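Colleague: Below: one structure in structure tokens.
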Amino acid sequence: MSYNKTKADYSPFSTRTNKVLLIYTGGTIGMGQNPVTKALEPLDFNHLVENLPEFRYISTGIDTYHFNPPVDSSDMTPLMWAQLVHIIYDNYERYDGFVILHGTDTMAYTASALSFMLENLTKPVILTGSQLPIGQLRTDGKENLLTAIELASDHFADGRPRVPEVCIYFGGRLLRGNRSTKRSADGFDAFASFNHPVLCHAGVNFTYAEHHIFTPDFQRPVTPHFDMDTNVVVLSLFPGIKECFLRHVFQASELRAVVMRTFGSGNAPQQEWLLRLLKEASNRGVVIVNISQCVTGCVEMDRYDTGLQLKEAGVVSGHDSTVESAVTKLMHLQARYEDPQQIRYYMSRSLAGEITV
């Protein structure tokens with residue numbers, strides 16, 4: 001099956017359908033309490049819909065698609081990301097936007113992955129979920145879901161969608177998906193976008209930061225990508241880290257990329273053995289991306305001598321990327337390119353607003 005559309009076949013603003021596709025993958029929002037064990041466990045998707053009589057008051061039409069069985073987000077995989085891309089792309093012309101219900105633990109990974117896998121996305125894809133099941137009295141799930149649907153269907157007078165990108169909506173704030181990270185295990189404001197402004201505050205009205213919303217090329221069609229190469233590892237440096245352990249990581253034959261979480265603005269211990277391992281791996285074709293352990297700020301390898309030494313060893317800057325974005329971007333690029341130099345080139349450039357360059 002071909003997934004290419006010609007420019008002649010594509011209209012910059014497709015005729016609006018006034019419909020949103022709600023995709024339920026799993027997560028706390030659709031869980032119930034086991035009467036015996038008291039543990040939370042997935043319920044049938046129909047239970048979720050039954051707990052939302054408010055659906056009848058939404059002017060936008062809503063169709064549903066659900067994973068069967070539902071997936072705990074800890075078990076989310078790149079194959080499931082590809083499934084989501086298929087669902088969205090196969091139904092792209094039938095809906096004005098898409099809402100994905102997803103567990104919070106890996107939501108930022110999925111949002112980041114989809115932002116790269118749905119190249120030149122021109123419609124909203126909004127992920128949301130909840131910290132409490134939707135059937136509980138104090139649930140945050142109803143507001144998150146209903147507002148996400150409204151945001152996915154919101155548009156300008158000419159039909160252009162307000163937020164044509166992959167986003168996370170949680171706790172009254174719409175965030176760019178590939179700039180988001182989970183910051184709280186139990187707060188209703190579970191997600192933050194530390195290095196990028198909030199795209200929309202949802203209060204009595206929607207307050208959009210329009211100049212911060214990603215603008216695709218509406219003259220070009222969306223291009224789906226389904227493959228991800230997972231030969232990547234995340235490595236956090238710390239004082240006292242041992243050479244013997246790192247040597248095993250860097251010398252793994254399958255390894256193609258490392259997301260290295262360094263100190264401050266991109267600094268690492270000035271140990272001869274560490275620089276040697278980095279240089280040997282880089283020369284072998286391993287792409288090593290430097291991101292900071294700080295939640296806010298940017299890697300600047302020209303700022304201190306320790307950063308310059310990493311640069312000379314072949315390490316490339318991840319700028320102000322999140323871990324989730326750096327990992328999924330590498331997976332995406334590795335699936336598309338064999339040449340490590342091409343991957344390094346694109347890691348230093350913004351593909352979907354994921355870094356500030």
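Colleague: Rounded to the nearest 20 debye, what is the charge dipole size of the chain about its Cα centre when +1 sits on each Lys and Arg Cβ and -1 on each Asp and Glu Cβ?
Modeller: Dipole size: approximately 400 debye.
Colleague: Counting only DSSP beta bridges with both residues in region 209-340, what percent are antiparallel, rounded to the nearest 5?
Modeller: 5 percent
Colleague: Something else about it: Please state the shape class of region 120-234: rounded when a/c is under 1.5, otherwise prolate if a/b exceeds b/c and oblate if not, all from the C-alpha gyration tensor.
Modeller: Note, shape of region 120-234 comes out oblate.
Colleague: A further question follows. If R₀ is 35 angstrom, what is the calculated FRET efficiency for the pair residue 185 and residue 212, using the beta carbon separation as r and rounding to 0.05?
Modeller: After rounding, the FRET efficiency stands at 0.80.
Colleague: Another question about this same structure. What dipole magnitude, in Debye to the nearest 20, does region 254-337 give about its Cα centre under +1 on Lys/Arg Cβ and -1 on Asp/Glu Cβ?
Modeller: The dipole of region 254-337 has a size of about 260 debye.
Colleague: Among 63, 154, 140, which one shows the biggest mean-square fluctuation in a GNM of the chain, springs joining Cα atoms closer than 10 Å?
Modeller: Among 63, 154, 140, the largest mean-square fluctuation in the Gaussian network model of the chain belongs to 63.
Colleague: Using Cα pairs closer than 8 Å and at least 6 residues apart in sequence, work out the relative contact order for the chain, in percent.
Modeller: 16 percent
Colleague: Percent relative contact order of region 222-357, based on C-alpha pairs within less than 8 angstrom and at least six residues apart?
Modeller: So the answer I get is 26 percent.
Colleague: Using a 1.4 Å probe over the heavy atoms of the protein chains, calculate the carbon and sulfur portion of the accessible area of the chain as a whole percent.
Modeller: 50 percent
Colleague: Here's a follow-up. Which one of 321, 188, 70 has its Cα pushed farthest toward the positive end of the charge dipole of the chain, where Lys and Arg give +1 and Asp and Glu give -1 at the Cβ?
Modeller: Value computed over the given set: 321.
Colleague: If you restrict to DSSP beta bridges whose two residues both lie in the chain, what percentage is antiparallel, to the nearest 5?
Modeller: So the antiparallel bridges in the chain amount to around 35 percent.
Colleague: Could you grab the Rg to Rh ratio for the chain? Cα atoms only, Kirkwood for Rh.
Modeller: With Rg and the Kirkwood Rh in hand, the quotient comes to 0.99.
Colleague: Let me ask something else. Anyone know which of 185, 82, 326 comes out most mobile in the 10 Å Cα GNM of the chain?
Modeller: It is 185.
Colleague: How many Å² of accessible area per residue for region 75-188, probe 1.4 Å?
Modeller: Per residue, region 75-188 has 30 Å² of solvent-accessible surface.
Colleague: When the chain is treated as a GNM, springs tying every alpha-carbon pair under 10 Å, which of 26, 177, 264 comes out with the largest mean-square fluctuation?
Modeller: Residue with maximal mean-square fluctuation among 26, 177, 264: 264.
Colleague: Further question on the same structure: Give the longest segment of the chain that steers clear of trypsin sites (Lys or Arg not before Pro) in DSSP loops with at most 16 neighbouring Cβ atoms within 10 Å, not counting the sites themselves.
Modeller: Result for the longest clean stretch: 39-137.
Colleague: Still on this structure, please answer the following. Keeping all protein chains in place, calculate the accessible area per residue for region 230-357 (probe 1.4 angstrom), answer in Å².
Modeller: I get 46 Å² per residue for this part.
Colleague: Quick one: check the C-alpha center-to-center distance for region 132-161 versus region 258-314, whole angstrom.
Modeller: Computed from Cα coordinates, the inter-centre distance equals 41 Å.
Colleague: Further question: In angstroms, what radius of gyration and Dmax does region 178-233 have, counting Cα atoms only?
Modeller: Reported Rg and Dmax, both Å: 16.1, 46.
The values are calculated or read from the model by the stated rules, or taken from the named source; none is laboratory data. All of these numbers come straight from a predicted model, not from anything done at the bench. Virtual Cβ from ideal backbone geometry, glycine too; neighbours counted across all protein chains shown. Remember, those area values only see protein heavy atoms, side chains included, never the ligands or the DNA or RNA. Shrake-Rupley method; radii C 1.70, N 1.55, O 1.52, S 1.80 Å.
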